[in-house]
1. Here are some residues: Thr13, Thr41. Which one is at negative phi and either in contact with a Pro (Cβ under 9 Å, 6 or more places away or on another chain) or surrounded by 13 or more Cβ atoms within 10 Å (Cβ to Cβ) (or both)?
2. Of (1) outside any helix (DSSP H, G or I); (2) out of contact with any strand residue (DSSP E or B) (no Cβ under 8 Å at 6 or more places or on another chain), Pro91 satisfies all except one. Which?
3. Can you tell me which residues in the range 49-67 are within 15 Å of Val92 (Cβ to Cβ) and either in a loop (DSSP other than H, G, I, E, B) or among the small types (Gly, Ala, Ser) (or both)?
4. Answer yes or no as to whether Leu83 is loosely packed, with under 10 Cβ neighbours inside 10 Å, modelled with pLDDT of 90 or more and either part of a helix (DSSP H, G or I) or basic (Lys, Arg) (or both).
5. Please verify whether the range 4-22 includes one or more residues that are part of a helix (DSSP H, G or I), out of contact with any strand residue (DSSP E or B) (no Cβ under 7 Å at 6 or more places or on another chain), touching a residue at least 12 places away in the same chain (Cβ under 8 Å) and not small (Gly, Ala, Ser).
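The values are calculated or read from the model by the stated rules, or taken from the named source; none is laboratory data. Remember, it's a predicted structure, so these values are computed and weren't measured experimentally. Here the Cβ positions follow ideal geometry from the backbone for every residue, glycine too, while neighbour counts run over all protein chains shown.
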Amino acid sequence: MAKQKFKITNWPTYNKALINRGSITFWLDDEAIQAWYESATPSSRGRPQRYSDLAITTVLVIKRVFRLTLRAAQGFIDSIFSLMNVPLRCPV
């Protein structure tokens, strides 16, 4: 079955839609910022966790969605945090 073709009648709106197609929007609420680092004390021996499960899951989802390597995802998230002026670091 052939792909349908539509005649474009509103070019300014169409051009704006093409520009917005490349837009990326991220937001963090205050609860996510507060929960980024692990605050619970460990109940067993060993090194305590520095980052929460929320932070690790968020990084892995962004890594999967944008098909990034782990270090590329780390740089991507660190750059987003710096653009947002959020004092967080990406899990290493």
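1. It is Thr41.
2. Against the list (1) outside any helix (DSSP H, G or I); (2) out of contact with any strand residue (DSSP E or B) (no Cβ under 8 Å at 6 or more places or on another chain), Pro91 comes up short only on (2).
3. Passing the criteria: Gln49, Arg50, Ser52, Ala55.
4. Answer is yes for this residue.
5. If we filter the range 4-22 for residues that are part of a helix (DSSP H, G or I), which is where we start, we get 11-20.
Subset that is out of contact with any strand residue (DSSP E or B) (no Cβ under 7 Å at 6 or more places or on another chain): 11-20.
The next check asks that each one be touching a residue at least 12 places away in the same chain (Cβ under 8 Å); those that pass are none.
There is no residue in the range 4-22 that is part of a helix (DSSP H, G or I), out of contact with any strand residue (DSSP E or B) (no Cβ under 7 Å at 6 or more places or on another chain), touching a residue at least 12 places away in the same chain (Cβ under 8 Å) and not small (Gly, Ala, Ser).
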